[in-house]
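Below: the structure, in structure tokens.
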Amino acid sequence: MKNKELKFRVTQIQGPVQNQLMHSSDGQGYSPSVPGSYSHQTPAKVPPHQSSGQYHYSGSQNVSQLNNYQGPGQTLNRPPVAPFSGSPVQQTGPVPQVLLPALQNSAAISSAGSFPPGASPPVLSNWQYSQTPVSQPVGSQTSHLAHVTGTGSAQPPSSLSGNTNPPGSYQYAASPGGPPLQNSYMKPVSAPPPVTQPLTPLHPPARPPLGPPPVGGPPLIRPSTLIAGPPNTQSLLNSAANREGDATSAASDGSVVQNSYDAIEGGGLMATPHPSPAPPNLKMNRSVGYSYPTLPPGYQNTSPPGAPGMQASALQYPDGSKHFHQPALGTSHLTASMGGLSLQQEGLRPVNLLQERNILPMTLLKAPVPNLHEDIQKLNCNPELFRCTLTNIPQTQALLNKAKLPLGLLLHPFKDLSQLPVVTSSTIVRCRSCRTYINPFVSFLDQRRWKCNLCYRVNDVPEEFMYNPVTRVYGEPHKRPEVQNATIEFMAPSEYMLRPPQPPVYLFVFDVSHNAIETGYLNTVCQTLLDNLDLLPGNTRTKIGFITFDSTIHFYSLQEGLSQPQMLIVSDIEDVFIPMPENLLVNLNENKELIQDMLRTLPQMFTKSLETQSALGPALQAAFKLMSPTGGRISVFQTQLPSVGMGALKSREEPNQRATAKDIHLTPSTDFYKKLALDCSGQQVAVDLFLLSGQYSDLASLGCISRYSAGSVYYYQSYHHKHNPVQVEKLQKELKRYLTRKIGFEAVMRIRCTKGLSIHTFHGNFFVRSTDLLSLPNVNPDAGYAVQMSVEESLTDMQVVSFQSALLYTSSKGERRIRVHTMCLPVVTTLSDVYLGADVQAITGLLANMAVDRSVSATLSDARDALVNAVIDSLSAYRSSVLSIQQPGLMAPYSLRLFPLYVLALLKQKAFQTGTNARLDERIFTMCQVKNQPLVYLMLMTHPSLYRVDNLTDEGALNINDRTIPQPPILQLSVEKLSRDGAYLMDAGSVMFLWIGKNCGQSFISQVLGVPNYGSIPQNMTHLPELETAESIRTIAFISWLREQRPFFPILYIIKDDSPLKSSFLQNMIEDRTESALSYYEFLLHIQQQVNK
């Protein structure tokens, strides 16, 4: 032990690291104490494996699973897509459990971030209702999700590892020596047999589908809810292929391990509902709305909430006196017949795609509006937050199979919102059976009873909920904010805490090898961090620390009282230890000057370094040990392939084989980074990877550190401060957003759906804990998730179904919060109605996620085939089962008219394209984006928008903050639409191209580009000059407006006919033929040939 502890050097930071003085340690142990509420720092050389809640490994560690798109009747030349499997990660030991006293405030509604750091929300004498202001800084827009297990007081900490649920909530079926979790989905013998479906499922799950608990009768061990997370848990034990992080909490003896977060959130897959009598008259009451037959007419207020046509999420509540008006909705208020739909027949109009060429809308495509009564639809969740591939839900799995369309959800749960109702109350009302949060789509049987819209259990209305905080009237529970808003945030009481809320902790890990210093990235990163140090989300408890590495690891002591930071060099990378744990993570406010000095001197310290090796793996191990006691965020900057120590990698890219779809290495070459990520997840640590590299760095392997720890990946290809200066601005802008955006710590998420529906596969960056609880050590507002669903039981007698996501998290201000989104959709019984409600963008987004999984688990060719088959199968089903008169050509319903175009765009996207010289890391990064981008950004990357900008006018322009934003029409992506006398802007999401035609008008060239003529346009122009001309102001306003709508910074390349980047511009012309891909018309002919077989 002593010898190990001597293997580091202490250096005062004064200049370059060379010729450091050697200092020996006293050989004594290091003090494990650290200021603040987290005193259990890891002692030197003691691995934190004993920390409770950590994941341990036995046997194969491949937790992830990638699922595929498969349609029935596949032929030999259309290979079927087999489901994948992996093995579970074992979890042992409970998470440290500390319960805070329950909040005494009986009811208060407040705006986000309005409490002093670390303090409980103040007790308010009456209800206050306010919104998070638009102008509030990102860091203070805290949002927390928490799941309440009951309304009573907090239970003793020791009880958390056992039964934490009050009577009526779920009891977890975890018997020692029982069957492993994978086999626990089977219903007991006493349960009724599942409905057998005559057709093969479109996405056949490898296990019985999951669904909500039954009402009445013998309790079934069946999932009640699922969360967005990695793919199938189905046959995890059967495969060692690296997959998308789906794991179960099964002990090594096969028994199910109780999970503390699961107990807090309630209603997990293994939950068994408390037996209760079936609600009376189920058939009549399965409707959305409220009826008070015994109440006086004054309660029957039919005015809709908010302004006409407003989304629920956009409701404005400027002051506390605003009244909530709730329409009295009953069965008769729903659309009388989901089969009639005379108002929406446009969606079913057959379109001959071979004849109607101009089908692309001139404005961005909006999500379809579900066919619900307007009073219900006004309350529905904003589609930017929660979206379903089918806005008309098929009544049976057989009907879904017949439609040949995937059923799934796409979520953007932590999106920045300008208006977010925040509720503080000691009672969070939830269904006693399935733990659903009360929402606008429950039914009130009378003032004292409400029926859950997911499992149909009748629940009592708590006394406190009878008081309406907004109107200050007693006896109006249906007018409460929780029942008026589909998106709402709760301040969580102590029942939702396993330990005191953690402080914000940020650790930065920098590659300082010779290669890294050459790129110059350290100057940019340190300066950006300096500029935004005061904007980091947090409070007085915020901590920060730094690690640098080349072939050794360098820690930095920032102890109060030091005149300058002290460097500690650990050269033993085979057995990493923390040399001095008490001053490596320090309070940001108390040590700000020392931290600023550190950031100013760091870029110059290694300028003469000749060390070319990279010990990324050991550096991450050190960072993990340092962060384990508290949790938090690790930001790692890497510029090359890791070459020494654990996690060292070898190059697998062969430049000569880039263009082929065979033998490209999309799978990780080692499970080191995945295992470390799962360790991080167990300790509430997320890792964000910034890869700034001109050489192959094996992102397929490195990316696992972020994927399974709920982090993010950023990739700056060929970053160099001199040779590629445009990347410097991109890094600055994106890093500023990254550092200052809202963040949630120690989060978990679960998605619930109406009884009869089940969720079986998850997509995104996370780890699935205890089968259906998504573990998100960090959650950020720029991350999207997707899930696949099936119809487990026939939805007979149901007019509508509902979906609810709940995100429990700790804000940067130390508040525990729950953000809940609820969506309601109609159920239909005919195939034509299923097609009528198809959301083509959501379908494309879900298929893209499935295709990434397919590429990794099988081959890129299989994924491409499956995408094409998805179009063929759905249009074949439409032709044979819906079209009454067979017509020549390729017929599609109007709702799916863009489906072939979007799939062709996917085939030409970097993630799935063949025949190009795309770098392997670039392809992998695009796949990472597909899995982690919200739908709106994914669609822009897949099918760019093309605008003509040399003739912008104010006609139809938007007026935003005294700015006039032109709105030119969107053009088809074909060179046919380009004119040599025009200028065209292509917005491809992460990059923009401004193409200037050879004969472009002189006025545009001089008044927008600021040059005298076409020949004077510089070859590498990436910025428009700000000129005092109307044309310049309009063009810059339009481009700036486009950029402001996304969290990443698209570089603008101004190109001419002879520009090297012209090929990249033309590559995005989706409708044109390339060397290796069909044109849109040729693709349609191919689809028609297959459909008519």
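Data overview
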{"read-out": "Paramagnetic label zone (point 7 Å from Cα along Cα-to-C-beta, residue 574; backbone N under 19 Å) in the stretch 607-632", "value": "613-622"}
{"read-out": "Cα gyration tensor shape for the stretch 442-548, rounded if a/c is under 1.5, else prolate or oblate", "value": "prolate"}
{"read-out": "Distance in nm between pseudo-label sites at residue 534 and residue 610 (7 Å out along the Cβ direction from Cα)", "value": "4.4"}
{"read-out": "Reach of residue 1062 by Cα under 14 Å, taken over aspartates and glutamates that are not fewer than 8 positions away in the same chain", "value": "none"}
{"read-out": "All aspartates and glutamates inside 14 Å of residue 755 as judged from Cα atoms, apart from same-chain residues fewer than 8 positions distant", "value": "792, 793, 797"}
{"read-out": "Protection proxy ranking, peptides 621-629, 447-455, average beta carbon neighbours within 10 Å, highest first", "value": "621-629, 447-455"}
{"read-out": "Ordering of 738-745, 485-492, 705-712, 996-1003 by packing [mean C-beta count within 10 Å, highest first]", "value": "705-712, 485-492, 738-745, 996-1003"}
{"read-out": "Difference of contour (0.36 nm per residue) and Cα-Cα distance, residue 596 to residue 975", "value": "131.3 nm"}
{"read-out": "Apportionment of accessible area to carbon and sulfur, the stretch 968-1093, percent (1.4 Å)", "value": "50"}
{"read-out": "Inter-site label distance for residue 829 and residue 449 at 7 Å from Cα along Cβ, in nm", "value": "2.8"}
{"read-out": "Cα lying deepest toward the dipole's positive end in the stretch 457-551, options 539, 523, 510, charges on Cβ", "value": "539"}
{"read-out": "Rounded accessible area per residue of the stretch 488-582, 1.4 Å, Å²", "value": "23"}
{"read-out": "Over 27 Å between alpha carbons, listed pairs 378/415; 910/998; 592/813", "value": "910/998"}
{"read-out": "Share of carbon and sulfur in the accessible heavy-atom surface of the stretch 835-896 [1.4 Å probe, %]", "value": "47"}
{"read-out": "Set of aspartates and glutamates near residue 402 by C-alpha distance (under 12 Å), chain-local residues within fewer than 8 positions excluded", "value": "873"}
{"read-out": "Selected from 723, 806, 768, residue furthest toward positive end of dipole (the stretch 702-807; charges at beta carbon)", "value": "723"}
{"read-out": "Listed peptides 636-646, 1071-1081, 792-802 by packing density, highest first (mean Cβ within 10 Å)", "value": "636-646, 792-802, 1071-1081"}
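The values are calculated or read from the model by the stated rules, or taken from the named source; none is laboratory data. Just so you know, these numbers come straight off a predicted model, no measurement behind them. No Cβ is skipped: glycine too gets one built from the backbone with ideal geometry, and neighbour counts run over all protein chains shown. For the accessible areas, the whole protein counts, side chains as well, though only heavy atoms, and no ligand, DNA or RNA atoms are used. Shrake-Rupley method; radii C 1.70, N 1.55, O 1.52, S 1.80 Å.
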